[in-house]
Structures are given as C-alpha cells and as structure tokens.
Amino acid sequence: MDHSKAPVLEALRDYHDAGYVPFNAPGHKQGRGIDPRVLDVVGADVFKSDVIALNGLDDRLMRHGVLAEAQALMADAVGAEHTFFSTCGSSLSVKSAMLAVAGPHEKLLVPRHVHKSVISGLIVSGVRPVWVRPHWDGEQHLSHPPGVREFAEAYERDPDVKGALIVTPTDYGTCGDIRAVADWCHEHGIPLIVDEAWGAHLPFHDGLPPWGMDAGADVCVTSVHKMGAAVEQSSVFHLQGDRVDPNVLKSREDLLGTTSASSLVYAGLDGWRRQMAEQGKELLDGALTLVKSVRGRLGEIGLTVLYDEFLGPDLADSADPLKVVLDLAPLGISGYQAADWLREEQRVTVGLSDHRRIVAQLNHSDDEGTADVLVSALGALVKAAPTFSTPPQVQIPPPHEFELETAMLPRDAFFGPAEQVSLAEAPGRIAAEMITPYPPGAPGILPGEVITKPMLDYLRSGLEAGMELPDPADSGLESVRVVAKS
C-alpha cells in the first residue's frame, strides 16, 4: 500500500480548503464560539481541526471511505489483517477485545496484575476471570508477565475458558514471551489478546522486544499516545487470523465506543502511521542510540539503572530499553519523593513512580537537548537526596499475599448491595470496589475479593508514603466499600 498517503489528514486539508460553513456538531463551529481566553492557551488551530467525521471529514454516508482507508493503511504498516481506531484509549480497546472473545458468565484467562481497564471490562461484561499468576519479582517487589507454565496451571484448574489475555510490556517495560504463550493458546484452541498498550513502537524496529502480531497474537491493543506520537486517548486494536470474528470485534467497539469520535485523534493516528512506515526504523535507531547514552550517563552520576535485573527464568523474557527504570533505594528516597521534587524543582516530569523507583520514557521525540535536561535534573536529584526526609515505610507483603481469594464475580460484587465499613472491620469482608495504586494501575483489591489485613496495610502505608489511589469511595482509605451482609 502507498504509505505516503494520509487519508484523514488529506480529508481535513480538503475540508479547510473547501471553506465549509458548518451547521452541525461540534458546536464551537471551527472555534468561532470559543472564549478567547481558551484560544490564548490552546490556540485556534485545535478547534479548526476538530471536525466531525460524518458529513465533515467524509460525506453523509461515509462514501469516500476516509476512515476505512486509514485503518487499512495502519494494518498494513504493522502486519495485521484488520485495524480499528479507538478514540477512547486502550481502556476501551481492551474491553472491546475481551467482549469479542468471551461473553457474560463465560471465562477468560487473566493475569492478576492487569490494568484496571481490564478489571472494568470484567465488571461491565460479567466475564468470569480465571486468574493467572504473574511472575512475581520478590527482589524488586514488582511483577512481570506470566509464561506458559502459569497459563497452563490456571487452565488445568479451569479449562472451560474462551480465551486468554496477557499484558506486555508492563509499565516498567518488561515483556513476556508472547510467541510461546500464543502457541500454547492455539494448541488449546483459544485466542490470545495482548494488552500491548506500551508497545506502539515495537512493530517498527527489530532491536525492540517482539510485537504481538509478529509473535502470533490474535488481537493486540496499543496506545499510540504512550510510546508513539498522538494525542491522549489515541489507541488502535489489531486483529489477525480467524479465531476472532472481525465483525464481532467491530460490533463490540461500536457498543462501547463514542459516536462522536475526535478527528484530532484520527488525524494523529493517521499521521503517526505514515511517519513510522516511512521513517520509523531511522527514528527508532536514533532513539535507541540516545537512550543507550543516557543510561550510561546516569550510571556515571551514581544512579542505579535497572534492565538486566528484570531478565531471566521466572522474571521477564525481554525489556524495552526506552523505558529507563531507576532504583532510588540506594539514595534513601522514594520514587514518590523524587517525582514530586523533579516536577517542582527541575520542571521535569516522569511517567511512573513507586515506593523505590521512577521511570523515564524516551522515544523518537527526544534528542540530545531533552536528554541533557533529564540527566541534569537527575544529577541534581542525586545531590539533593541527602536533604530529603526519610520516606515512610511501605509495608509490602510477600507475593502470595497479593493473591486474594475471589469469593464473588467482580460484576456481582460491584453492582450488588454494598456498605462502607471502617478499615478495622474490612478484613474478611468481600470488596465492592477497586483499590488501585496508580500508576501502574494494577488493582491491589478487586470487587469480589476477600479483603486481607496485609493488603490493607500495604495500601494504607503506600497512601501515607505518597501512593495515588484514585478509585476507592473513601480517598483517605479510612474506610472501605464492601458487599453488604444479607
């Protein structure tokens, strides 16, 4: 296919050139209705390019096939058979994929460390999770994607499943062996969904971890706004093979998605695909060279840069080098302290922070200038660290205590009668809400799970240390929402 084309961008250009005067949505009418104080901040061009797809980018019946052609070009660029654009992020895309594989009360193999969007998909759909144990890293206190053994163990406990899901890369950039898991799934007659939200760049360079479609996955979900270059909420999901019906997948997306999709998202996806199809190898060559230099420079100023520590049997199969994971425990500070200080004192922001780490993500958008800013800011952090107060201790339980007993279907617990009880009363009760350290966004407690004191101690101590818990009803975690006693 001709990857010099960008159907959405070309349609948007033609819309501008034609001088259409809209009497349909969006109501700002090409920015004419926008408060000038808004335009002073975000600019007029944002609104000029915010055009409805129906009777805007395309005609009333979408006869020019603008979106269909853009999606076909994206599929060709990454080696998929079908691609669908999503303007509600991979949170919507992964739910669409799940619902295309399993329906209410049907079962899906799901690693317990999945993102909260997957748990939301379970709640919305009524799908029954068959939990798969991830690779717990007891030394680093985090988890990596599970392997074939863990999927096989879960399958032996409950073989009546419709499919499997794996998250790779993780927020820390660690990756599972997709090929081995996909082969195992197909031997057992089930499709594999890969939540590859952090892997938009992987198809475009062979020096990066394997890409889901190349490794045999059936459906692959990607957030282009994360490691690609598109506005927030820009996601795509790809399909290959005949284990998942493309019409079913599209219908599930129609069920969950918006009918008012943003042309800004479509245009960004279209332009990013063209850029990567034409220049991706060269751009990522540059990014990989740059990040290798950055890693070396950070090591020279006394920071612990993690990579090899993540790899090995029962750990990760590979890792994305563009995720620069820094262990701050040797400095005696937490990732929460570091992230806050870098933002306030250095005007540098990082993607993930936890009780001992921060993660800085680089990609093709970076250059020597931004790399110098990062290294300089982190050098200043090293010098300032001795002045920080001792961070509160996070009470991290051993891996087996992260695996809570499931007593109810997540959907039933979430939507059923509930009550708010004090923290002291919560152990032994069934949770009716998610409680999620964010990022990385893997819930500590799920609806339907039996709450334990070690897990509450972990979350409460984490909150006091700087952890973000965005979803419990009581944001201070003095109380917990639980299933009401009958």
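The values are calculated or read from the model by the stated rules, or taken from the named source; none is laboratory data. For clarity, every value in this text was computed on a predicted model and none was experimentally measured. Ideal geometry is used to build each Cβ from the backbone, glycine not excepted, and the neighbour counts take in all protein chains shown. Surface accessibility is based on the protein's heavy atoms, side chains included, excluding ligands, DNA and RNA. Shrake-Rupley method; radii C 1.70, N 1.55, O 1.52, S 1.80 Å.
Scan region 70-84 and tell me whether some residue there is closer than 22 Å to MET276 by Cβ, open to solvent by 30 Å² or more (accessible area, probe 1.4 Å), touching a helix residue (DSSP H, G or I) at 6+ places or on another chain (Cβ under 7 Å) and part of a loop (DSSP other than H, G, I, E, B).
Checked against the condition, which is being closer than 22 Å to MET276 by Cβ, open to solvent by 30 Å² or more (accessible area, probe 1.4 Å), touching a helix residue (DSSP H, G or I) at 6+ places or on another chain (Cβ under 7 Å) and part of a loop (DSSP other than H, G, I, E, B), region 70-84 yields at least one hit.
For region 264-291, name all the residues that are open to solvent by 20 Å² or more (accessible area, probe 1.4 Å), under 30 Å from ALA53 (Cβ atoms) and either free of Cβ contacts under 8 Å to residues at least 40 places away in the same chain or among the β-branched types (Val, Ile, Thr) (or both).
GLN279
Can you find, within region 1-35, the residue that is least open to solvent (accessible area, probe 1.4 Å) among those that are hydroxyl-bearing (Ser, Thr, Tyr) and in contact (Cβ under 8 Å) with a residue 40 or more places away in the chain?
Within region 1-35, the first condition is being hydroxyl-bearing (Ser, Thr, Tyr), and the residues that meet it are 4, 15, 20.
The next check asks that each one be in contact (Cβ under 8 Å) with a residue 40 or more places away in the chain; those that pass are 4, 15.
Numbers: SER4: 62, TYR15: 20 Å².
Looking at residues that are hydroxyl-bearing (Ser, Thr, Tyr) and in contact (Cβ under 8 Å) with a residue 40 or more places away in the chain, I get TYR15.
How many of the residues in region 292-345 are surrounded by fewer than 20 Cβ atoms within 10 Å (Cβ to Cβ), among the aromatic types (Phe, Trp, Tyr) and touching a residue at least 24 places away in the same chain (Cβ under 8 Å)?
Qualifying residue count, region 292-345: 1.
Among the residues of region 369-411, what is the count of those that are free of Cβ contacts under 8 Å to residues at least 60 places away in the same chain and not polar (S, T, N, Q)?
Just the residues of region 369-411 that are free of Cβ contacts under 8 Å to residues at least 60 places away in the same chain, to begin with: 369-370, 372-373, 376-377, 380-381, 383-390, 400-401, 404-405, 407.
When the remaining residues are screened for being not polar (S, T, N, Q), the result is 369, 372-373, 377, 380-381, 383-386, 388, 400-401, 404-405, 407.
Selection size over region 369-411: 16.
Which is open to solvent by less than 40 Å² (accessible area, probe 1.4 Å), in a loop (DSSP other than H, G, I, E, B), in contact with a strand residue (DSSP E or B) (Cβ under 7 Å, 6 or more places away or on another chain) and within 27 Å of THR168 (Cα to Cα), of PRO437, PRO447?
PRO447
Could you tell me whether any residue of region 230-244 is among the polar types (S, T, N, Q), within 18 Å of the chain's Cα centre (by Cα) and surrounded by fewer than 24 Cβ atoms within 10 Å (Cβ to Cβ)?
First pass over region 230-244, keeping only residues among the polar types (S, T, N, Q): 233-235, 240.
Among the residues that remain, those that are also within 18 Å of the chain's Cα centre (by Cα) are: 233-235.
Keeping just the survivors that are surrounded by fewer than 24 Cβ atoms within 10 Å (Cβ to Cβ) gives 233.
Yes, some residue in region 230-244 is among the polar types (S, T, N, Q), within 18 Å of the chain's Cα centre (by Cα) and surrounded by fewer than 24 Cβ atoms within 10 Å (Cβ to Cβ).
Of everything in region 203-222, what is surrounded by fewer than 24 Cβ atoms within 10 Å (Cβ to Cβ) and part of a strand (DSSP E or B)? Give them in sequence order.
none
Out of ALA442, ALA424, I need the residue that is of a type outside the set (Lys, Arg), touching a His at 6+ places or on another chain (Cβ under 7 Å) and either outside any helix (DSSP H, G or I) or surrounded by fewer than 18 Cβ atoms within 10 Å (Cβ to Cβ) (or both). Which one?
Just one listed residue meets the conditions, ALA442.
Tell me which strands (runs of 3 or more DSSP E) are completely within region 92-202 and hold 3 or more residues being surrounded by fewer than 20 Cβ atoms within 10 Å (Cβ to Cβ), of a type in the set (S, T, N, Q) and out of contact with any Ser or Thr (no Cβ under 7 Å at 6 or more places or on another chain), or say none if there are none. Reasoning before the result, please.
On the way: elements: 107-111, 128-132, 135-137, 142-144, 163-167, 192-195.
Because the criterion is at least 3 residues that are surrounded by fewer than 20 Cβ atoms within 10 Å (Cβ to Cβ), of a type in the set (S, T, N, Q) and out of contact with any Ser or Thr (no Cβ under 7 Å at 6 or more places or on another chain), no strands (runs of 3 or more DSSP E) in region 92-202 meet it.
Which of the numbered conditions does ALA261 fail, given that it passes all the others? Conditions: (1) surrounded by 14 or more Cβ atoms within 10 Å (Cβ to Cβ); (2) in a helix (DSSP H, G or I).
(2)
Could you check how many residues of region 460-483 are loosely packed, with under 14 Cβ neighbours inside 10 Å and farther than 27 Å from ILE333 by Cα?
Result for region 460-483: 1.
Would you check if HIS64 is open to solvent by less than 50 Å² (accessible area, probe 1.4 Å) and not in a helix (DSSP H, G or I)? Lay out the reasoning, then the answer.
Numbers: open to solvent by less than 50 Å² (accessible area, probe 1.4 Å): no; not in a helix (DSSP H, G or I): yes.
It is false that HIS64 is open to solvent by less than 50 Å² (accessible area, probe 1.4 Å) and not in a helix (DSSP H, G or I).
Within the set of pairs 6+ apart or on separate chains, which have a first residue in region 36-52 that is open to solvent by 70 Å² or more (accessible area, probe 1.4 Å), a second that is not acidic (Asp, Glu), and C-beta atoms under 8 Å apart?
LYS48/HIS16; LYS48/GLN30; LYS48/GLY31
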